[in-house]
Structure formats: structure tokens, C-alpha cells
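Right, one structure below, let's go through it.
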Amino acid sequence: MSKGIKPVRLKYKVIGGRSTLLSVALFLFFILLSKQFDAYNQSQLTNIATLLIAVFSITLLTGASGQISLGQGAIMAVGGYGSALLVTRLGLSMWLAFVLAIFISALFGLFLGLAAARLSGPYLAGTTLVMALAIPSIAVRFESFFSGDVGLSVDYGTPPTWLSNLLGEISIEQWSLYVVLPFTAIALFAVLNLSNTRAGRTWRAVRDNEVSAALAGINIGRTKVVVFVCASALAGLSGALYGFRGLVAPSVYPTDLSLTLLTAAVIGGLRSVGGAIFGTFAIVFLPDLIEKITKNFNVPETIGNYLPSLTIGILLLLTVILNPRGAAGALEHIRHRRKH
Amino acid sequence: MNLRKPLILTVVASALVGSLAISSVSASAAGDQGVSDSEIVLGMQLPQTGAASPGYNKVDDAARAYFDYVNSKGGVNGRNIKLVVKDDTYKAGLTITSASKLINEDKIFAFFGSVGTQTHVSVIKDINRRKIPDIFVNSGFSGFYTDPKKYPTTFGGLGTYTVEAKILGKYLKDKYSDKKIGVLYQSDDFGRNALAGFATAGLKFEAKKTSASFIAGTQGSIGLASQISQLKANGVDIVIIAAVSSATAVAYATAAQLGYKPSKWAVISVGADATTFQTILGSKGVPAATSAAMLAGTISASHAPAAGEADDVYVKAFKKINDDFNKGPDKRWDNNILQGMNIAYLATEALMGVGKDLTRAKLISYLENNGSKLSSAALAPLGYSKSTHEAFTGFWIGQYDATTLLAPIDGKRVVYTTDSGSGAVTVSNYKRPAIADDALPKVA
Amino acid sequence: MTSFLTAFFSGTAQGAIYALVSLGLVLVWRGAGVVNFAQMGQAMFTTYIASQLIQHGYSYWSAFIVALVCGAALGAIVDLGLMRPLTSRKNSKLLNSQSMRTTIPVIASLGILGVLKALAGIFWAGEERGFPSPVAPNAIKIGQTNLAITGFDLFVIGVVFLTLVLTTIFFTRTGMGLAMRASALNPEVTRLSGIKVGSVRTLGWAISGTASSLAGLLVTPRTNLSPNTLDLLLIVGFTAAVVGGLSSLMGCVLGGFILGYVISFVNVYSAPENVFIAILIFLLLALFIRPQGILGSKEVRRV
């Protein structure tokens, strides 16, 4: 990510203070929350911190610049395979592999963006959906290189001794969270900055009306490509972290994953970073919540297994119909009303 | 767009959502979780829903039925066996999450009978690193079992695809040396593992001539017809199928539509479940008599008696337990139920064998040292030893008769045995001990 | 030569199905400017209804009719219950932006897809089942040789052409059809000329629902029916529609057959594992070389 927003190259002013504060706050919030959680929910928290980065990519892509992608899962796969291959084949350190995964997927995003800049709306949605299906199948096609369905086994490893000495015994779940969280905080920092600078305003202008944006001297094509590069860098990073939970393989990045990410972004509010956080919490914890409720009502397993996807689907529809701006929009609406 | 204002508030709201889902926080206790004076908790992961679920989604209910029966007889050393099941829809991303749930929230003692190769591969490393027993895995992928140093806690619950393909391949090669043998496989780990086994047995196939494939899970919506047409055009006489049962049914139907009648079909056992085969074809409007006739003559292999062998003592006992104790949505007796019951029987036997003082390490060492002596419905012993954790090392070759029963060819059952490496295929002389009258395993 | 004929015939047979799927997509696109990603979810649902009726002893054709009617109803419900309230929302800040007006309906249709799949799972336990075909699916013979095409395939091709002819007549010869075309091109002017744009749109959704329901009924005999099996068809159908031109009925049917041949020839001459990546490459090529589609006209492309 850091590369995509390098202030000098893109001539965007990076505003530091407030977004730094919020990123640190998010970091501490997750750490504090994890202290209240049992090991399973700590691992769910790691899931949230990981997927959040990919949901941020949709906040940028769809929320800020109006381009829709149903293929973020495929870009996650690019980041996942990139980092896993670097670790398993070249023996690179995990941390370096994560950083390189950002560049690999940003490069992929560049190509994707060049193709996608010509497309919008349903064309873009359909093309990225085809991509979500096709990219993971490459791993099966070139089996000897990508290890086919069995995939590449990778994990976060064990905490370094100096950290264990400092914090006491660190469980596998805690360590996973500690690996992911810094990246999540950096991603939040980047997204906040991007949205609130000239870049963000340019993107929004393109989103709201391409013709008037072009008249105002904005290079539409270039703007779209830049957004794609940034969003892909985020999604790729998320994919790398997601793969290191245990496995990088096609079935880790199915088409459903792309749709789940989009759902999280929409439920929370496409245009809000806070909304992305809320939406990710919702989709990760909803299945657990539903399981907890159904357990008490003796719901047969044939129904119970489908309830999470049914609930999430209905939630998505209700959001779109009643309040397309999502939870964040609703919140703002309430605050707005109270003021008057 | 103001991004910052609602941020703090939404973060708080998120925390609320999160905390709703939280159960009581408990410090991780030292020692082995999942065993108390009254209970042993086992966890199973399988696709209960989704494209890969048909047939296999009955395994958990069957195993639970057997455990319930054991519990009704007083359990194992006074402990009831509880089986917690998680649906992973055959997506590895979900398998990782639900494994964490089984370990940390359901506090299982061991993983038992997990179904699926590409899902289990995502968690096997973590399970082993935590030294949790991972017993009777329902996958024939040899990579899980042949290197116990890599996966010391994982033990198989199916004969490996390699062993089966070697035995089936050798049989076909010897018997039909004058015929052109071809293969139709699903292009995933299962199909490729089977191909490797056939290759070890000396059966090699040539792409576009004697070998056809399809993308696993598409069940013929993309180009199965053209692949089968190629086999037909190349005059393939004997077709081996390495695919799941629902795809096997589509392949038979497609071949029939194309007027392709190979003189023999041979199907790897996981894809040869007669019930699934007939159910699928039945809903396609094929009467049961016709689908039975389509299946008749098909060669397949099995490590256990056929589900339809009503006289077999194990089948008889398990069937009774299935009638009385299975609470699943579909309890029709078939191979999947037999397999579920049989691994539950084996697990009970192993837990009894370890004795009152049950720990994870003791279970693992018991299986490694005494596993090959455990008896079950299977007609071949478990291959467990210090050097391999692969399950049933033998298969017998049978042929479906007109009543969809897999019967030994020429009326005489010969069990062949081999390993997942390059070892030769030989005739096994294993004598299966009978099941006790109360259908509970007896440990010396 | 046999390989070629195999690829050709099975490509034709598959292409007919893809044509039907992309016809359904184009009908909604022309009528409402929305690409309906829930289309094959609707088809899956109605095919389950038909399958359920057949299993309870009803005849194939009565189940067939019921499924088509349900398809029409489902299409109309999606429009009335979801798409219309969505587009009539004037004061929403989010929908005021140009790009979001096309994006939000896509997301909505994905929501419907998720709900329909979950409901099918709950009602029918997500069990995989087959589906009967109305005519004997036996291979056509020339002399002694079986062709890689069955009587059922010919039936499908016939149905597709009938559907194409009927929809073309509908759009060019009937008042309702003309009104539909007009409202697709310019809703404001159409409304001013006294045509009820809303009901015309709903009719478009209903027709599309019927067409996709038909596609579901015709594809499942060749594969199995499960909540997920038809997903792939939507992706292929979409590619076909883009290749042929999202705005052209003839074009999308043509695109369907082209895709049928692409997939079939890749399958026969390359390998099934290459099919997905071939679809992606083909789609990207089509978008670069002729973004409006083979038979599409540039003005109508609403991007």
C-alpha cells in the first residue's frame, strides 16, 4: 500500500495527525478487545482484521470512485499466491513476502485497471466476476507450479522469543492477531489519507459525474487506473494475510469470498471507513451469533446451516432498499436529526 | 463524504456486535481438554451443504448414531462420546475458521472422521502443531499419512486412493490386457491421486485419446459430453471413473445419450455409491430398474463388505443401530452410513484400548502401536505403524449385480493388499474377527 | 475430423443454452438497464419447483408450465419489490451519483441470489438431484455413427429459436413491445407520450424471468440440479451477452453460440482446466476489440 500513496510521486498531500491517531486507536481497540475474548474469538478478530483490509479496498473502489468489483477475492488470491510462493519456494521471510505481495497485487491491479478503465457498471461487475472464477483455476491448470487444489501450506510461524519475553506466553491465536494488526492499522491510515486528500476528491468527482469531471480537467482513465492499483494493493495484502492462516489454495479464495466482502462493505456503508469496520464485524460474527440463537431453539441442521447466508442476504437487500448508505449512513442520519 | 465522524461510534457498535457473540471467557486449562469424567468430545468437519455434500453428508449422522448407541450402553469407561460437527461447505477458508471453533470453543479432545482432502489440508498442519489427535480422516489422500514425522497426529480412515487405484489398476490390466482402457477423472487432488496410483500399477493414459477429465463440481455443465465423445471416438473399451458419485451418475447418463457403451465401467469406490447413483438418475426420470441395469456389471473395489450384504455380521449389527439411533435427515442405509459407523466403531475401540487414563499422547501412541490390531467391518487391517498412518491396506474387487449389490467376481472374495508406495500387489490372508453380540468392540 | 465434429456438435448444443441465458439478461438490460445477476438463481429456484412437482407425480409438461409461470412471477416480484423502489428513490445522496445508479441494482441482484440459494437449501436441503428431459436424449444417428448431438439438443435449439422469433416479433410488431423499446431508449419521452413506463419495465422483467426459467429447465437434464450448479451458466451467459452486444437480441443469441463453440473447442483441443481462463481471455478480447458487442450499436451501450 505504502507505494501506491507515496506522496512525492502522486503529489498528494499526506495529512498525518488525525489519521495516525485513529489508526493507533484501532490497533489498541483490537488489542483490548482481544484481551476480553477467548481463543476462538481472538481468531475471529484476526479474521476481521484481515478481511477489513479487503473491505477497505471496496470502500475505495466502489465507495470513493464508483467502480464495482465482484472479483476482489481473485486479487486476494494473487496476493496470497505471491507471498506463499516467495516463502515456500524462495525461503523469504514472511514479513518481506507480505510487503512484496502488496507490490505484486498492485502490479496486477495496474493491468486490471488498464482493462477496467474502459468499463463501468454492470460491464465491470461481470468482467470482475469472470475473473473471480478464472484466476483461482490457474492454480489447478499449472499444478506443478501452484500445487493445484492441495495448495501451499503456510502459517504465521511462532512469535520471536524477545516478544514472548516481553509479553509472557503468546498463544497461536494471539500471535496471528499481532502479525495482522499492524498491517490493518497501516491500511486504515492509508485509506483515511487517500479519501481526504485531493486524490479522494478527484475520485469522487469521477464517481459522481464523469462528464463534468472530465470538463474540470481530470484525466478519467488515469484516475480509474490509480484507484484500481490502490485497491488491488489492499486486497492483495489482505489475501496474503488470509492465506497465512494455514493454506493458500483455490478453495480458500472462492467466488463467494468476493461477494462476502462486497456485502460487508454495503451493509456497513460503502462510503464510510467506519462502516467498513462495522460491516466486517457483522459478517464475521453473524454466523456465530445465529448459531448461538439456533442452538437454543433446536433448529434442524438442514435449516440451521443455511440461516447465516439467508440472514446476510436479507440484510443486504434491506440495506439496499431502505438505506443504501448502510449502517454508517443510518448513524449519520440519526445524528443529523438530533441536531435539528 | 465525511469519513471520520461516525468512525468512533461505529467502532463501539462493532464491539457490541462482537461481544454479543462471545461466550464466557475461560483461561486455557493445562492438560488435555475435551475429556472429563463423564464425557469425551470429538469434532468433525465435513461439507453438510454445497456441491460436494451429496452422500458424504450422511457420514456424521451415522457416526453419531453409533456413538449414541455406545453411550446408551454406558459409554467408554463411563464416559459418553459427544460428536460436534461443523459444516465447512467444502471451502477451505471456512474449514480453518471452524477448526478454531472446535478447538477453542467446543474444546474437543480430538478431530475425528473429517471429510475432504482440499479442506483438511488447510488445517492439518495446525492440528498437528497443537498435538491434537486427528483420527480416521475420511480422505484417501496418501500425502496425509505416509510421512508420520510430518503429521504425527493424523491417522487415515479410508484406504488411500493410491492403494485402491494400484489394486484396481492391476486387476484391470491383468484381466483386460487385450482391451483399450481409458479413464474419466475429475481434475482435482482426488482424480490426480487416483491417476498416480494407476500409473504405479502400470496403467498409463494418453490425454485426448484414452484420458478424459472434467472440472470437479461442474458435474457436466461444461463439456462432459465432448470429453466422453473423445473416449468413444478413440474406441476406449473399458472406462475407469475417478469422480464423486453424483458425477458418476451424470457420466453414465451422458454416455448412454451418446450411444456409447464401453464393455466395462470401473469406478473408484468413493464414486460408486449405488444409492446416490440411483437417486440422481431417478430424479432425471430414469426408473430404478433402468438405473440398476446401467450400474450392473460395473467393477469397483471396497475395503469393507458391500452395504448391501445383508448377511454380513457387521452390516446386520450396524444396520440395526442405524434404524434405532440415526436422527439425521437421510438415514437410508448405504456405503456412507456403513463407513461412518465403521470409523465410529474403530474410534470407540481405540478409546477403550487407551483405558481410563485418557490423554492425547496416549491415544496417538496407542494407535501407532496397536492400530493394526484393531478390528472392524473392514476386510483388511489398518496399516498404522511408526512409519505410516494409512488406514485400510486392502481392497477386494467386485462387480455390481442386477440389484445394485457389489458382489465378489466369480462368487469368491479375494482381498488384495499393497502400500501407497511402489510395493507389489499381493493377496491378503487377513481373517476378520467377528463382531460381538452387543455390537461393541472388545479390547483385550 | 471426429474431434472437430464432436466439438462442433456439442458446442452447438451448449451454445443454445448459453444463448437462452444471455437472452434473459439482455431482455432485462434493454427494459430496465440492469444486469440481473440473480437470474440463474431465479432459474434454479423455479427448476426446483418443477422438480418437486414431478416427484409428486405431476406430468413433466404441467410442471414445465408452472415453472415458466413462476419464473415470470419471480421476475415481476423482483422488479416491483426491489428494483422499482430502488430506482424511484430520488432523494438519496448515494444514488445521485451516476456510477452508483448502475452499481446499486447489481448489488441488489446479488442479494436476491444469496437469498434464493439459501431458501432453496432450506426447502430442498440443498440435495443434488437430476432433472428429466421432455424428449428422449438419445444421440442422432447418421447411418451407423452416433453424432455428438442428441434429440434433446435439437429440441433445445428449436426452443431457443422459437423464443428468439417470438421476442423479436413482440418487440417489432406489438404495441407493448414497441413501448418497451421506447422506454428503454428514453424513459422520459416515453412517459410524456402517455405510456406507463413502470408496467412496461415489469413486463420486461417477467419475460426475462420466463426465459431464464426456461434455460434452467433445459440445462439441468444434462447436469444436476443443486443450489449452485447454475452459477456458472450466468457467468458464461453474461460473457455471451457482452460478446454479442448487450443491447441486441440477435447479437446475444449469436454470442451464446460463439461461447458454446469456444468452450467446446477448448475442451476438446486443449483441456477442461483451461475453460475458465479461456472465457476470461475471450471476454477481455471482446471488450477491447469491439466493446459494444458484435451486433450492438455504440449509442445504446450504457456505460
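Derivation of every value follows stated rules applied to the coordinates shown; laboratory data play no part. Quick caveat, the model's predicted, so the values are computed rather than measured. Reconstructed Cβ throughout: ideal geometry from the backbone, glycine too, with neighbour counts over all protein chains shown.
Angle of helix C:98-124 to the longest C-alpha principal axis of chain C, folded into 0 to 90 degrees and rounded to 10: 50°.
Counting Cβ atoms of other protein chains within 10 Å of each residue's Cβ and taking the mean over peptide A:273-283 gives 5. Counted over the protein assembly as shown, the DSSP beta bridges are approximately 40% antiparallel.
Among the residues of B:100-111, the average count of other protein chain beta-carbon atoms within 10 Å of the residue beta-carbon is 4. By its C-alpha gyration tensor, with a ≥ b ≥ c as the square roots of the eigenvalues, how is segment A:7-253 shaped: rounded for a/c under 1.5, else prolate for a/b larger than b/c, else oblate? Oblate.
The charge dipole of segment A:263-340, taken about its Cα centre with unit charges on the Cβ atoms of Lys, Arg (+1), Asp and Glu (-1) only, comes to about 560 debye.
Hydrophobic, long helices, defined as DSSP H runs whose alpha-carbon span along the helix axis is 27 Å or greater and whose mean Kyte-Doolittle value is at least 0.0, occur in chain B at B:335-354.
For chain C, a simple Cβ point-charge model (Lys and Arg +1, Asp and Glu -1, everything else neutral) yields a dipole of about 1060 debye relative to the Cα centre. Distance between the 7 Å Cα→Cβ label points at B:K149 and B:K320: 4.8 nm. Taking other residues whose beta carbon is less than 11 angstrom from the beta carbon of B:G93, and scoring Lys, Arg as +1 and Asp, Glu as -1, yields 0. Between the Cα long axis of helix C:249-269 and the first principal axis of chain C there is an angle of about 40°, rounded to the nearest 10. Largest GNM mean-square fluctuation across B:S387, B:S98, B:S269, computed for chain B with C-alpha springs under 10 Å, falls on B:S387.
Setting aside same-chain residues fewer than 8 positions from C:K196, which lysines have a Cα under 26 Å from its Cα? Those lysines meeting the cut-off are C:K90.
The distance from the alpha carbon centre of segment A:54-109 to that of segment A:295-313 is 33 Å, rounded to a whole number. Helix screen, chain A: DSSP H segments with Cα axial length of 24 Å or more and mean Kyte-Doolittle hydropathy at least 1.6 are A:94-116. As an equivalent ellipsoid, segment C:110-253 spans semi-axes of 33, 23, 13 angstrom, where each value is the square root of five times an eigenvalue of the C-alpha gyration tensor, largest first. Here's the picture: charge each Lys and Arg Cβ at +1 and each Asp and Glu Cβ at -1 in segment C:14-228, and of C:Y48, C:G33, C:A76 the one pushed furthest to the positive end of that dipole is C:G33.
Net charge of the neighbourhood of B:R129, taken over other residues with C-beta under 14 Å away and scored Lys/Arg +1, Asp/Glu -1, is +3. Highest GNM mean-square fluctuation among A:F146, A:F244, A:F56, for chain A modelled with Cα contacts below 10 Å: A:F146.
If you look at the Cα atoms of segment A:156-220, you get an Rg and a Dmax of 20.9, 60 Å. Counting only residues at least eight positions apart within a chain, or on another chain, the aspartates and glutamates with an alpha carbon under 16 Å from that of B:K320 are B:D61, B:D68, B:E309, B:D311, B:D312, B:D330, B:D334, B:D437, B:D438. Distance between the pseudo-spin-label points of A:A214 and B:R413 (7 Å out from Cα toward the beta carbon): 7.6 nm. Secondary-structure-derived ellipticity at 222 nm for chain B, considering helices only, amounts to -11500 deg cm²/dmol, per-run term -39500 (n - 2.57) for DSSP H runs with n ≥ 4. Overall form of chain C: prolate. Here a/c, set by the Cα gyration tensor axes a ≥ b ≥ c, is 1.5 or more, and a/b is the larger of a/b and b/c.
Restricting the calculation to Cα atoms, every distinct pair contributes to the Kirkwood radius of segment A:255-340, found to be 13.7 Å.
Provide a whole-number value for the mean count of partner chain Cβ atoms within 10 Å of the Cβ atoms in peptide A:236-248. Per residue, the number of nearby Cβ atoms from other chains is 3 on average. Toward the positive end of the charge dipole of the protein assembly as shown, with +1 on the Cβ of Lys and Arg and -1 on the Cβ of Asp and Glu, the farthest Cα among B:G259, C:S97, A:V180 is that of C:S97.
Each listed q (0.17, 0.27 Å⁻¹) maps to a log10 I(q)/I(0) for segment B:84-154 from the Debye sum over equal C-alpha point scatterers, namely -0.54, -1.45.
Between the Cα long axis of helix C:60-78 and the first principal axis of chain C there is an angle of about 30°, rounded to the nearest 10.
The Stokes-Einstein estimate for chain B, based on a Kirkwood radius over Cα pairs and taken at 10 °C with 1.306 mPa s viscosity, is a diffusion coefficient of 70 µm²/s.
Packing, taken as the mean count of other beta carbons within 10 Å per residue, orders the peptides B:274-287, A:90-103 from highest to lowest as B:274-287, A:90-103. Here chain A is treated with +1 on each Lys and Arg Cβ and -1 on each Asp and Glu Cβ, and its dipole about the Cα centre works out to around 1700 debye. Think of the protein assembly as shown as having a plus end and a minus end, set by charges on the Cβ of Lys, Arg, Asp and Glu; of A:S34, B:A92, A:L129, A:L129 sits farthest toward the positive end of this dipole.
Scaling the Cα radius of gyration of the protein assembly as shown by the globular reference 2.2 N^0.38 Å produces a ratio of 0.93.
Taking a point 7 angstrom from the Cα of B:K179 along the C-beta vector, which residues in segment B:406-428 have backbone N less than 15 Å away? Answer for segment B:406-428: B:409-410.
Could you tally the net charge around B:Q186, taking each other residue with its Cβ under 13 Å from the Cβ of B:Q186, Lys/Arg +1 and Asp/Glu -1? Within the 13 Å Cβ shell, the charges total -3.
Entry note, chain A: the mean residue ellipticity at 222 nm calculated from DSSP H runs of n ≥ 4, each adding -39500 (n - 2.57), is -25000 deg cm²/dmol after division by the residues and rounding to the nearest 500. Cross-link pairs exceeding 27 Å between alpha carbons, from the set B:K125/B:K327; B:K107/B:K362; B:K82/C:K117; A:K295/B:K150; B:K91/B:K442; B:K173/B:K261: B:K125/B:K327; B:K82/C:K117; A:K295/B:K150; B:K91/B:K442. Can you give me the Cα centroid spacing of segment B:101-139 and segment C:175-201 in angstrom? Result: 60 Å between the Cα centres. Rg and Dmax of segment A:121-195, based on Cα coordinates, read 19.1, 54 Å. Bridges between two residues of chain B, per DSSP, are antiparallel at a rate of about 35%.
Distance distribution note for segment B:314-444: the fraction of Cα pairs above 20 angstrom is 54%.
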